[in-house]
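The values are calculated or read from the model by the stated rules, or taken from the named source; none is laboratory data. Here the structure is a predicted model, which is why all the values come from computation and not from measurement. Don't worry about glycine lacking a Cβ; one is built from the backbone with ideal geometry, like all the others, and counts go over all protein chains shown.
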Amino acid sequence: MSTLSRSLSDVPEEGTFTPTSPHPDNYPYLSPIATSSASTLNAPSHSSAGSSSRSAGTKVRTPSIRTLGRSSNDNLPVPSGASSSSVKRNPSSSSSASVSSSSKSRKSTAPVTPSVPKYKSIPTLPHEKNAEAVPSTAMHWSRAPVYGNVPQRSMRAHTMTLVENTAWLFGGNDDKEVNKDMKDMYCFDTETMQWTVRETTGDIPPPCRAHTTTLVDKKLVVFGGGHGMQYYDKVYVFDTTTRHWTQPSVAGPFPTPRRAHSAVLYQQKIWIFGGGTGLNALNDVWTLDVSSFSRMKWEEVKTTGRTPKNRGYHTANLVVNLMVVVGGSDGKDFFTDVWCLDLDTRHWSQVTLLTSKYKRIAHSATQVGSFLFITGGFNGEEYCSEVLPFNLVSLTYEPRVTFGKPPSGRGYHSTILADSRLFLFGGFDGTTSYDDVYILDLAAGAYLPQVTSFNIELA
């Protein structure tokens, strides 16, 4: 196992970057918020990714790799013209205390407005009267006609886990939100498009984001993630049938607390790869034995072959017996590479690509038959909305034209495949968090999910 570790110190998770900033260690991950302490944390030197095309003084939205240890975007200006679908932020608990203390000497006259749950009783139709005609065989984006109890918390670096026809939303809390009670979980019905709220019991986990949620026998196994400057190494199990949380006793040794890692389930073990600690990106591999929820056990995996660089905010998908890793970043470089870990032999192999132009972090990757649909993310210069199908047989990207109105460019969203449609939930674009849901109709590609037998030939 490689022990190489690249520093990610003082990397804000989301923020803005001003190329003309006088800070000596200025580079596309540093925001003006972080400059006061950057010199003491050995921030990486300037990265040239996308810098040549930026004009002086232009603010560029930057991605999150803060696997990474600092509040993300406190005191950022509110962007003008922000989408009406974005989630409104509450001040953090620390700032609330500050405001309360400073205002004791004067009596507040502002009325207190109670929060009203967002409930839509009538679905919003996704189509328009003057919608452009498109080929019936083409993939088509539309905004989902959702209704019901729309989520009241951020949908950013969250997880959506499909159990039969219901997608369970967990996590995604913003640093600027007061720690919310996590006893309520939101569910989305992929057939009716209705949001509902389910109250839960038991050992309810704390607010978090950039965690992983793995489905095991109708149970959600949550590991890692964090909130603010906290990073977790705890495991929580949620039974979707009883709606009860447990924090099981797990035998060690334990992996380092982390966020922005990835997880896949294979042979009754959850395989964890990479992520970050707040100071360093990681490239280690661990397994969590979930064959018995009463006797769970961690084990560090010793791999062979050339190891991928340390990274966070990549994606990993289980394809037959391979864990396919796409993109990510170590806090300085944006990766275009694709790696496969054979979970039987525990050997790493790098895929030889015909192009290295598709840089991606904070994207999503959903297996659709013999393809991975890489959606959204940050490419080093801007947040994307395009869909990049990656052919798992030819090991090449096959870009396709989509029609309709795609979601705005974003990362930190979540996607699932249900009934030959790709659902996209929420996300963040550097300034705005979204609470919307989009649907990509596969049209002529609706047969793809039925392709279950194919071979991946690695050199």
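Summary table
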| item | result |
| --- | --- |
| Ala157 crowded, with 21+ Cβ neighbours inside 10 Å and not in a loop (DSSP other than H, G, I, E, B) | no |
| All strands (runs of 3 or more DSSP E) inside region 343-459 with 2 or more residues being more than 25 Å from Asn173 (Cα to Cα) | 347-350, 364-368, 371-378, 383-391, 402-404, 433-441 |
| Pairs where the first residue, in region 307-326, is aromatic (Phe, Trp, Tyr) and the second is in a strand (DSSP E or B), C-beta under 6 Å, 6+ apart | Tyr313/Ile361 |
| The listed residue being at pLDDT 95 or above, surrounded by 17 or more Cβ atoms within 10 Å (Cβ to Cβ) and closer than 21 Å to Thr190 by Cα, out of Leu392, Leu448, Leu372, Leu388 | Leu372 |
| Per-region count, region 395-443, residues surrounded by fewer than 23 Cβ atoms within 10 Å (Cβ to Cβ) and of a type in the set (Phe, Trp, Tyr) | 3 |
| Qualifying residue in region 440-455 (condition: over 22 Å from Val150 (Cα atoms) and of a type in the set (D, E, K, R)) | yes |
| Of all residues making up region 216-241, the number that are farther than 17 Å from Ser294 by Cα and at pLDDT 95 or above | 7 |
| Of all residues making up region 290-314, the number that are under 27 Å from Asn280 (Cα atoms) and modelled with pLDDT under 95 | 0 |
| Any pair with Cβ under 6 angstrom, 6 or more apart, that starts in region 223-249 at a residue that is free of Cβ contacts under 8 Å to residues at least 40 places away in the same chain and ends at one that is among the polar types (S, T, N, Q) and not in a strand (DSSP E or B) | Tyr236/Gln247 |
| Residue within region 244-260 that is of a type outside the set (Lys, Arg), touching a strand residue (DSSP E or B) at 6+ places or on another chain (Cβ under 6 Å), buried (at least 17 other Cβ atoms within 10 Å of the Cβ) and within 21 Å of Ala365 (Cα to Cα) present | yes |
| Checking Ala281 against (1) in contact with a Phe, Trp or Tyr (Cβ under 9 Å, 6 or more places away or on another chain); (2) touching a residue at least 60 places away in the same chain (Cβ under 8 Å); (3) assigned to a strand (DSSP E or B), the condition it does not meet | (1) |
| Residue ID - nearest to Tyr236 (Cα to Cα), chosen from residues in region 284-315 that are among the small types (Gly, Ala, Ser) and in a loop (DSSP other than H, G, I, E, B) | Ser294 |
| Subset tally (residues that are more than 15 Å from Gly275 (Cα to Cα) and of a type outside the set (Asp, Glu)) for region 331-345 | 7 |
